[in-house]
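Chemist: Can you read through this structure? Questions will come right after.
The values are calculated or read from the model by the stated rules, or taken from the named source; none is laboratory data. In this text the structure is predicted, and so the values were computed from the model without any measurement. Here the Cβ positions follow ideal geometry from the backbone for every residue, glycine too, while neighbour counts run over all protein chains shown. Heavy atoms of the whole protein, side chains included, go into the accessibility calculation; ligands, DNA and RNA do not. Shrake-Rupley method; radii C 1.70, N 1.55, O 1.52, S 1.80 Å.
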Amino acid sequence: MSAVAPSGEQWSIHHGDQRLTVVQVGGGIREYAVGDRPVVSGYPVSAKADAGRGQLLVPWPNRVRDGQYAFAGRDQQLALTEPARANASHGLVRWALWDLEVHEASVLVVAYSLMPQQGWDYPLQLRVRYELADDGLTVTPEATNVGDGRAPFGFGVHPYLTVGEARVDEVTLTVPARTVLDVDDRLIPTGSSPVAGDLDLRSPRELGATVLDHAFTDLTPGDHGRWEVVLARGERRTTVWADVEAYPFVQVFTGDTLPEDKQRTTGVAVEPMTCPANALATGDHLVVLEPDQTWSAPWGIRPSPLTA
């Protein structure tokens, strides 16, 4: 009997030189490459996802202070999955077993039924479509409220981008944001400030020793109403894009709090988010789904060059 991979079944799609692998555990991305060049800093098939690597953050991204919030007149207590900071972190589906619904040459759809549990009373049917094409990867998440009452909802995703650097200090980063969220020592927002100094990344700038674990907002869209965060090094570029209305926040993390052997060496996390941390408690940009209502909004990754 062969051993089971820690991330479960492995589902791969291809288009030209592009290759993407999505995993059963969490339904997220384990690897994305163009030829032998990684586009995301993933993890081996023999390991589980670490530090949120490639994971889907549903039904809330980031953190909920003390795991506590109230909705529809009812107080809720989520499990504290970040015990060191006494927070509920990154949703409820990161370690769930997702089902494969569609598997074609360049298209993959995974699904999961999120049911009521501790601190969560709202059944959601979740689907994520991954598609490779000439312009890179498009990911289209979808959430449908299949309960008989209203449901709070937020979405985020946690890819670590790479352009072949040995350390993230070597990359040039562009983040088209005018505002950054201020946080306390538990990484819960306390307000916001205009970007300045090392946090003003509206023009391409080499990261050097800059430390980032910040949520940016007031993002300036380019073509088609999308913002773009760009990592570059030499001839290589990796771009994350998302619709500015659907994803008004992006978290950027340089990995300085990871275990010592991975600090600043395993890519830059660029995380599109529909809402900031603690949104279940504050309601800030929280999506509220009526019964039978579906939310869906694509985001994507565009590597360059797209040939090996």
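Chemist: What is the calculated FRET efficiency for Arg186 to Gln263, with r their C-beta to C-beta distance and R₀ = 22 Å, to the nearest 0.05? All intermediate terms of the calculation are to be shown ahead of the outcome.
Modeler: On the way: r = 21 Å, r/R0 = 0.95.
FRET efficiency, Arg186 to Gln263: 0.60.
Chemist: Among Ser89, Val45, Ala111, which residue has its Cα furthest toward the positive end of the charge dipole of the range 1-127, with +1 on Lys/Arg Cβ and -1 on Asp/Glu Cβ?
Modeler: It is Ser89, whose Cα lies furthest towards the positive end.
Chemist: To the nearest 20 debye, what charge dipole does the chain have about its Cα centre, counting +1 at the Cβ of each Lys and Arg and -1 at the Cβ of each Asp and Glu?
Modeler: Computed about the Cα centre, the dipole is about 300 debye.
Chemist: Could I ask something else about it? Quick one: in the range 21-69, what % of C-alpha pairs are over 16 Å apart? List each step's numbers first, then the result.
Modeler: Working: 558 of 1176 pairs.
Roughly 47 percent, once rounded to a whole number.
Chemist: While we're looking at this one, here's another question. What whole number of Å gives the distance from the Cα centroid of the range 104-122 to the Cα centroid of the range 146-183?
Modeler: Using only Cα atoms to place each centre, the spacing works out to 20 Å.
Chemist: Using a simple spin-label model with points 7 Å from Cα along the Cα→Cβ vector, what separation in nm is obtained for Ser203 and Asp36?
Modeler: 3.8 nm
Chemist: Here's a follow-up. Full-extension gain between Asp75 and Asp223, please, as 0.36 nm times their residue separation minus the C-alpha to C-alpha distance. Intermediate results must be reported in sequence, preceding the final value.
Modeler: Numbers: separation 148, 0.36 × 148 = 53.28 nm, distance 4.20 nm.
Stretched out fully, the Asp75 to Asp223 stretch lengthens by 49.1 nm.
Chemist: Tell me the mean residue ellipticity at 222 nm calculated for the chain from its helices only (DSSP H runs of n ≥ 4, each -39500 (n - 2.57), averaged over every residue, nearest 500). Write down the numbers at each step before the final one.
Modeler: Values: 1 runs with 4 residues, N = 308.
When only DSSP H runs of four or more count, the value is 0 deg cm²/dmol.
Chemist: How much of Glu206 can a 1.4 Å solvent probe reach, expressed as accessible area in Å² and rounded to 10?
Modeler: That residue has around 110 Å² of solvent-accessible surface.
Chemist: Separate question: Calculate, in whole percent, how much of the Cα-Cα pair population of the chain lies beyond 23 Å. Intermediate values should be presented prior to the final figure.
Modeler: Numbers: 25603 of 47278 pairs.
Every Cα pair in the chain considered, those over 23 Å come to 54 percent.
Chemist: Quick one: order His158, His14 from most to least accessible surface, probe 1.4 Å.
Modeler: Numbers: His158 10, His14 100 Å².
Output order, biggest surface exposure first: His14, His158.
Chemist: What shape does the range 142-227 have by the C-alpha gyration tensor, where a ≥ b ≥ c are the square roots of the eigenvalues, rounded means a/c under 1.5, and otherwise prolate means a/b greater than b/c and oblate the rest? Could you put the intermediate results ahead of the total?
Modeler: On the way: a/c = 1.88, a/b = 1.63, b/c = 1.15.
It comes out prolate by the Cα gyration axes.
Chemist: Label points 7 Å out from Cα along the Cβ direction at Glu245 and Val288: separation in nm?
Modeler: Label-label distance for Glu245 and Val288, simple model: 2.0 nm.
Chemist: While we're on this one: Please report the projected area of the range 164-308's Cα convex hull averaged over all directions, in nm². Could the numbers behind the result be given before it?
Modeler: Values: hull surface 42.5 nm².
Its average projected convex-hull area is 10.6 nm².
Chemist: Let me cross-check Thr140: its accessible surface, 1.4 Å probe, with only protein heavy atoms counted, in Å² to the nearest 10?
Modeler: Answer for Thr140: close to 40 Å² accessible.
Chemist: Label the range 230-308 by shape, choosing from rounded, prolate and oblate, from the square roots a ≥ b ≥ c of the eigenvalues of the Cα gyration tensor; if a/c is under 1.5 it is rounded, and otherwise prolate applies when a/b is larger than b/c, oblate when it is not. Display every interim value, and only then the final one.
Modeler: Details: a/c = 3.13, a/b = 1.53, b/c = 2.05.
Note, shape of the range 230-308 comes out oblate.
Chemist: Once you put a point 7 Å from the Cα of Val45 and another 7 Å from the Cα of Glu235, both along the Cβ direction, what distance in nm separates them?
Modeler: Roughly 3.1 nm, to one decimal.
Chemist: How large is Rg/Rh for the range 96-255, to two decimals, with Cα atoms and a Kirkwood Rh? The partial results should precede the final answer.
Modeler: Working: Rg = 18.1 Å, Rh = 18.0 Å.
So for the range 96-255, dividing Rg by the Kirkwood Rh gives 1.00.
Chemist: Label the range 45-164 by shape, choosing from rounded, prolate and oblate, from the square roots a ≥ b ≥ c of the eigenvalues of the Cα gyration tensor; if a/c is under 1.5 it is rounded, and otherwise prolate applies when a/b is larger than b/c, oblate when it is not.
Modeler: In terms of gyration-tensor shape, oblate.
Chemist: May I pose another question? Once the whole set of protein chains is in place, how much accessible area is left on Asp261, using a 1.4 Å probe, in Å² to the nearest 10?
Modeler: 120 Å²
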